[in-house]
Amino acid sequence: MKTSIATVSISGELPEKLNAISAAGFDGIEIFEQDFITFDGRPKDVGQMVRDQGLEITLFQPFRDFEGLPEPYRSKAFDRAERKFDIMQELGADLILMCSSCHPASLGGIDRAADDFRELGDRAAKRNVRLGYEALCWGKHVNDHRDAWEIVRRTEHPNVGLILDSFHTLGRKIDTETIRSIPGDRIFFIQLADAPAINMDLLYWSRHFRNMPGEGDLDVKSFMKAVAATGYNGPISLEIFNDQFRGGSSKLVAADGYRSLIALMDDVKREQPTSLTKVPQLPKRIQPKGVSFVEFASQGEDVVNLENLMKTMGFVKNGDHRNKQVSLWQQGDIRIVINQEMSGHAAEQWNLSGTTVCDLGISVNSSKDAITRASNLGAKKFSQPLGPGELTIPAIKGLSGSVMRFIDKEDSIDRVWETEFGVEADHIGAGLKGVDHIAQTMSYDEMLSWSLFYTSLFEMKKSPMIDIFDPDGLVRSQAVEDPLGLFRVTLNGADSHRTLAGSFLAETSGASMQHIALATTDIFSSLKHMFELGFEALPISENYYEDLIARFDLPKEFVDKMQKHNVLFDRDEGGDFLQCYSQMLAGGVFFEVVQREKGYSGFGGPNAPFRISAQKRLVRKKMI
């Protein structure tokens, strides 16, 4: 299987695009005509530049408005094609994409189109060029791959084949099973794109809102399974028109594209016998078993404040690292590590962001499988020198320079606490049991990338994106979680620095994690214990509780109890959710204590505006 991506999919000048595409691991490119035309160099120079990056040109595109034209347009279309053949030969490309016509003068008719392609196919054969015909879903006469295939079939020409694009099929809701009857050797090229489910004009939807497979709502996997069933064994390419991607990092978008392709083909290979060769043999998606630990980088007075907060929440220091200035704080199955090292990864994160989460440990069945799948999907491995008696914990780079580590029993990595910290017995504390979820904050442009990261590496599903209303702007939020609810992450994308999430990013230079939610089975009992230890909850306005009585059928005594403890409430069809927040540490990190009825599937999203307002109000009060 050759992996490919259209140059139109990413930002930058052509050399920058090629460098990003090569670095991501692709085999080739679809060279978009505009990228070629705007480059200051001859076609042969472009072709050599592509090959110097270890890439090949898998497709030259697009050629528009060819078939079904009356004279004099028809003769001019053939002349245009000949000029494009000249360019392709100099570039070193042998396949051109021919879009179904949208020309106002074009005439319908399957046989008329087939005659045109048969004649052009003869000319192309003399130039060692192949023609790939694609049905645009907004084409004037041909907007369905079944009609495009009938035209190709009737040409009966070896140099004329079909190009299939998942967007054009799925956007029109055409049954993908109709692809299975097409001979694989008559399909010349496959283009893939996903998209969010939006009810809008097909052309505008395609030109502005495509995204990588797995980032949208289209069933790209069923499309690709049907293609695999045909016996097709050519390039699999991404053609992504997306305004956000065009303005984003070329390297990030290219890396996401490669990750999406490999994950998709791994899924297809597991479900559909395929002739596609060289599909990497990956471990299946990793089933996370929960958060093993959260590690903070901190220094000086911030350490004192963080440790004091740990104490008021019922944590105890359960061990010091044998070689480093690192301590372990524990309660139930929750491990908070505080790293005060003056060199190494944690120190770098502290210098960049202040007190911040620098490492996240995920419990898995096999750390080897996790690191193998992650690295094959383009994640960067992480390591640093080990001290005496320290264990090797497989790790990859995570959000904003943080590190994600994989902890398992298979290789006794889970004994790191006894081996490196000499831990004592577990501590019950205030009854906090485990990590319910973590909340990661990022720029909005990064949200698609990190949802793809989690859902391609782990057995996790994403929820619909929601809007969180901050008094100073909008924050978009999306949750990803595993089917058992053992590992949940909320991804919060900020556009404006005026929002709480945006100011957190600005003040910490993009720290990875803004808050950590800890689970209890009895929030009032836990809070009673915590208050006795000096815990200070985030004060919630009286108006919130007045409104709560109006919105939910709750006993007044229960609402009064919530108000006394600064507890917020939410309910869905599955059950109730109670939550209470700590006040923010320096840099904006905070904790949350939650009680989740088993059927409740949310994260207290409706309460976020009230929490944000309370946090901003408290910040202003402390500044006075």
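Does Ala537 qualify as being closer than 28 Å to Met447 by Cβ and touching a strand residue (DSSP E or B) at 6+ places or on another chain (Cβ under 8 Å)?
For Ala537, the condition - closer than 28 Å to Met447 by Cβ and touching a strand residue (DSSP E or B) at 6+ places or on another chain (Cβ under 8 Å) - is not met.
I'd like to know if the stretch 441-462 contains one or more residues that are in contact (Cβ under 8 Å) with a residue 60 or more places away in the chain, in contact with a strand residue (DSSP E or B) (Cβ under 8 Å, 6 or more places away or on another chain), aromatic (Phe, Trp, Tyr) and under 23 Å from Thr520 (Cβ atoms).
Scanning the stretch 441-462, I find no residue that is in contact (Cβ under 8 Å) with a residue 60 or more places away in the chain, in contact with a strand residue (DSSP E or B) (Cβ under 8 Å, 6 or more places away or on another chain), aromatic (Phe, Trp, Tyr) and under 23 Å from Thr520 (Cβ atoms), so the answer is no.
For the stretch 183-202, enumerate the residues that are surrounded by 13 or more Cβ atoms within 10 Å (Cβ to Cβ) and among the aliphatic types (A, V, I, L, M).
Ile187, Ile190, Leu192, Ala193, Ala195, Leu202, listed by residue number.
Answer with yes or no whether Gln287 is surrounded by fewer than 20 Cβ atoms within 10 Å (Cβ to Cβ) and out of contact with any Cys (no Cβ under 7 Å at 6 or more places or on another chain).
Taking the combined requirement at face value, the residue satisfies it.
From the list Arg112, Arg83, which residue is assigned to a helix (DSSP H, G or I), assigned by TED's automatic domain parsing to the domain that holds Ile190 and either aromatic (Phe, Trp, Tyr) or without any contact (Cβ under 8 Å) to a residue 40 or more places away in the chain (or both)?
Arg83
Considering only the stretch 587-597, I want to know if a residue exists there that is surrounded by fewer than 20 Cβ atoms within 10 Å (Cβ to Cβ) and within 21 Å of Leu548 (Cα to Cα).
Looking through the stretch 587-597, at least one residue is surrounded by fewer than 20 Cβ atoms within 10 Å (Cβ to Cβ) and within 21 Å of Leu548 (Cα to Cα).
Spot the failing condition for Pro609; the list is (1) in a helix (DSSP H, G or I); (2) modelled with pLDDT of 95 or more, and only one is missed.
(2)
Please work out if Glu13 is among the acidic types (Asp, Glu), in contact with a strand residue (DSSP E or B) (Cβ under 9 Å, 6 or more places away or on another chain) and at pLDDT below 95.
Spelling it out, it is not the case that Glu13 is among the acidic types (Asp, Glu), in contact with a strand residue (DSSP E or B) (Cβ under 9 Å, 6 or more places away or on another chain) and at pLDDT below 95.
Given the criterion among the acidic types (Asp, Glu) and under 28 Å from Met310 (Cβ atoms), identify the matching residue among Asp467, Asp436.
That would be Asp436, the only listed residue that is among the acidic types (Asp, Glu) and under 28 Å from Met310 (Cβ atoms).
Out of curiosity, is Phe26 aromatic (Phe, Trp, Tyr), within 16 Å of Leu238 (Cα to Cα) and modelled with pLDDT of 95 or more?
yes
Part of a helix (DSSP H, G or I), surrounded by fewer than 22 Cβ atoms within 10 Å (Cβ to Cβ), modelled with pLDDT of 95 or more and not acidic (Asp, Glu): is that true of Thr419 in this structure?
So Thr419 fails the test.
At least 2 residues that are at pLDDT 95 or above, hydrophobic (A, V, I, L, M, F, W, C) and under 16 Å from the mean Cα position of the chain (by Cα) in each: list the strands (runs of 3 or more DSSP E) lying fully within the stretch 447-519 that qualify.
By residue number, 473-481, 488-494.
Lys409 versus (1) closer than 20 Å to Ser353 by Cα; (2) surrounded by fewer than 20 Cβ atoms within 10 Å (Cβ to Cβ): which is the lone unmet condition?
(1)
Please verify whether Glu90 is in contact with a strand residue (DSSP E or B) (Cβ under 6 Å, 6 or more places away or on another chain) and among the acidic types (Asp, Glu), treating the condition exactly as stated.
No.
Only strands (runs of 3 or more DSSP E) wholly contained in the stretch 297-405 count here; list those with 1 or more residues that are touching a His at 6+ places or on another chain (Cβ under 7 Å).
Ranges flagged: 316-320, 326-331, 356-363.
From Glu271, Glu295, which residue is surrounded by fewer than 17 Cβ atoms within 10 Å (Cβ to Cβ) and either hydrophobic (A, V, I, L, M, F, W, C) or over 16 Å from the mean Cα position of the chain (by Cα) (or both)?
Of the residues listed, the single one that is surrounded by fewer than 17 Cβ atoms within 10 Å (Cβ to Cβ) and either hydrophobic (A, V, I, L, M, F, W, C) or over 16 Å from the mean Cα position of the chain (by Cα) (or both) is Glu271.
Based on this model, can you work out whether Ile540 counts as of a type outside the set (Asp, Glu) and in contact (Cβ under 8 Å) with a residue 12 or more places away in the chain?
The answer is yes for Ile540.
So, in the stretch 203-229, of the ones that are closer than 24 Å to Gln244 by Cα and either without any contact (Cβ under 8 Å) to a residue 24 or more places away in the chain or β-branched (Val, Ile, Thr) (or both), which residue ends up surrounded by the fewest Cβ atoms within 10 Å (Cβ to Cβ)?
Per the stated criteria, the residue is Tyr204.
So, in the stretch 131-180, exactly how many residues are under 31 Å from the mean Cα position of the chain (by Cα) and β-branched (Val, Ile, Thr)?
Residues in the stretch 131-180 being under 31 Å from the mean Cα position of the chain (by Cα) and β-branched (Val, Ile, Thr): 6 in total.
State whether the residues of the stretch 474-489 include one that is touching a His at 6+ places or on another chain (Cβ under 7 Å) and closer than 23 Å to Cys358 by Cα.
Yes, the stretch 474-489 contains at least one residue that is touching a His at 6+ places or on another chain (Cβ under 7 Å) and closer than 23 Å to Cys358 by Cα.
Given the condition within 18 Å of the chain's Cα centre (by Cα), under 30 Å from Phe421 (Cβ atoms), buried (at least 20 other Cβ atoms within 10 Å of the Cβ) and not basic (Lys, Arg), answer yes or no: does some residue in the stretch 246-262 qualify?
No - not one qualifying residue is present in the stretch 246-262.
The values are calculated or read from the model by the stated rules, or taken from the named source; none is laboratory data. A quick note: this is a predicted structure, and the numbers were derived from the prediction, not measured. Glycine also receives a Cβ, built like all others from the backbone with ideal geometry; neighbour counts cover every protein chain displayed.
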